[in-house]
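What follows is calculated from the coordinates using simple rules that are stated; it is not laboratory data. Please read all numbers here as calculations on a predicted model, not as lab measurements. So basically every Cβ, Gly included, is an ideal-geometry build from the backbone, and we count neighbours across all protein chains shown.
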Amino acid sequence: MFLIHRFEEVRAARPGADPGDCMVEALSKSASSILSSGLTTVIGFVALILMQFQIGPDLGRALAKGVAFSLLTVFTFVPALVVTALPWMDRTRHKPLLPSFAPFGRLVSRIMLPMVLVLVIIMVPSYLASNANTYYYGAGHMFGTDTKVGRDTQDIDDIFGQSDTYVLLVPAGDTATQSALSTDLHNLPQVTGIISYVDNAGAEIPPEYLDDATLSQLVSDGYTRMVISVAADFEGDEAFALVEQVRAIAQNYYPDSWYLAGQGVSTYDLMDTITGDMVKVNLVAIAAVFLVLLVLEHSLILPIVLVLSIETAIWFNLALPYFTGTVVFYIAYLIISSVQLGATVDYAILFSDRYREYRETMDKKPAIAATVATVTTSVLTTGSGLAVVGFLMGAISTNQLLSQLGTFLGVGSLASLAIVLLALPGILYLLDPLITKKKPGAPAPKEG
């Protein structure tokens, strides 16, 4: 979209010019924006590969390859296709469905400084709220009550209460220690029953008295199995506290020689894994995007401004569940942080590049108005498409994780659009002397 819109601008400015020459000029003028946008998007997705939870690497590789191939296509296939299909494009052209964005550009130039103040006001609360959400870490709540499995699960819980089963493996042989361990486990209020050798056969009965078929159900390969029934959910503060208690009791009797499994235990381990992933993935994504912009934009301040603007949109997006009391799937929280950064920083790059281009011939305020008028169509096209896809996935999917991820994508796209079109102009206006230094061979930016 960035390339095609620039191509249309060049054709309008050069009536009767050869389409191939216009495409070459459009490519030369938009290459920096497209390359910066593409590389930052790829890197934002590549950061997901660092996740230990395998959905991250799978998703990161798929998205990064897709964007990389798209970037290659834009520089090779799309120019030839557009020039070849130009006669049909011209014949099927319709009247503009949207009005000129010039009035909108003038409006933004008047309200941009108050919008910067609004951005500064919401930045800190959004960051704090986005990190204070309540989370689901496992798959226990992935299906809502509008699905068959969700309704059946809810009916079972209503009748029998919430329950889970842990399996504890400890070294076989010392039945006295096993009996003491079982007693301590029974003392936990959530434990409703234990199936084990010492609980069913009794610590007094030597294992040799039982036949192999019966004994192998509870004792094998040097370990004895304790099946623990608990009245607890698969996840949540109470469930995680119970897992820690069971682990502490096992560690007390069999230091570093026990194993604990179960859905609640796996969810606890998943929480440990993906919360550790969060800091690593976010830092790598932000640092990598910053470095790409630093190299391609030839500015130290501009990458900070662009990344911080989109990060604020991400914080605002992820803060909404906190204020609405919605529990967040942590995987969706983790994925959208990288995806929104990679997918929407493009808007900020395009805006800043076009602003600096206009500043070579215009004063600051007219350059802001012209930039908004010019880029709004491009960013609205890409941003609204991303938002529509996200909201559709959020509305259609019966999987609560995918539904929430889609909603995050839709809201995040709109938040990024709003910040880029309303607040970023004011930031660029205020920081103009730091980001519009004269390039070799170019006229100095006008003051004003």
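General remarks:
- Where the Cα pairs of the stretch 161-267 fall when distances are cut into 5 Å bins, in %: 2, 12, 25, 25, 18, 11, 5, 2, 0
- Helix-derived mean residue ellipticity, 222 nm - over the chain, DSSP H n ≥ 4, -39500 (n - 2.57), to 500: -23500 deg cm²/dmol
- Span-like helix ranges in the chain, DSSP H, alpha carbon extent 20 angstrom or more, Kyte mean at least 0.5: 19-46, 55-91, 102-130, 263-297, 301-324, 364-396, 400-418
- Residue-count net charge about Ile156 - beta-carbon cut-off 14 Å; Lys, Arg +1, Asp, Glu -1: -4
- Ordering of 225-233, 423-431 by burial proxy (mean other Cβ atoms within 10 Å per residue, highest first): 423-431, 225-233
- Cut-off under 5 Å, modelled amide H: who pairs with Gly262 long-range: Val167
- Relative packing of peptides 375-388, 267-280, 69-82, 404-417 - highest average C-beta neighbours within 10 Å first: 404-417, 375-388, 267-280, 69-82
- Charged-residue dipole, Cβ positions (Lys, Arg, Asp, Glu), the stretch 17-108 about Cα centre, Debye nearest 20: 280
- The stretch 298-448 - charge dipole about Cα centre, Lys and Arg +1 at Cβ, Asp and Glu -1, debye rounded to 20: 300
- Sequence-distant aspartates and glutamates (8 or more away, or on other chains) whose Cα lies within less than 14 Å of Lys365: Glu357, Asp432, Glu447
- At full extension, Asp58 and Ser229 could sit 58.1 nm farther apart than now, given 0.36 nm per residue minus the alpha carbon distance.
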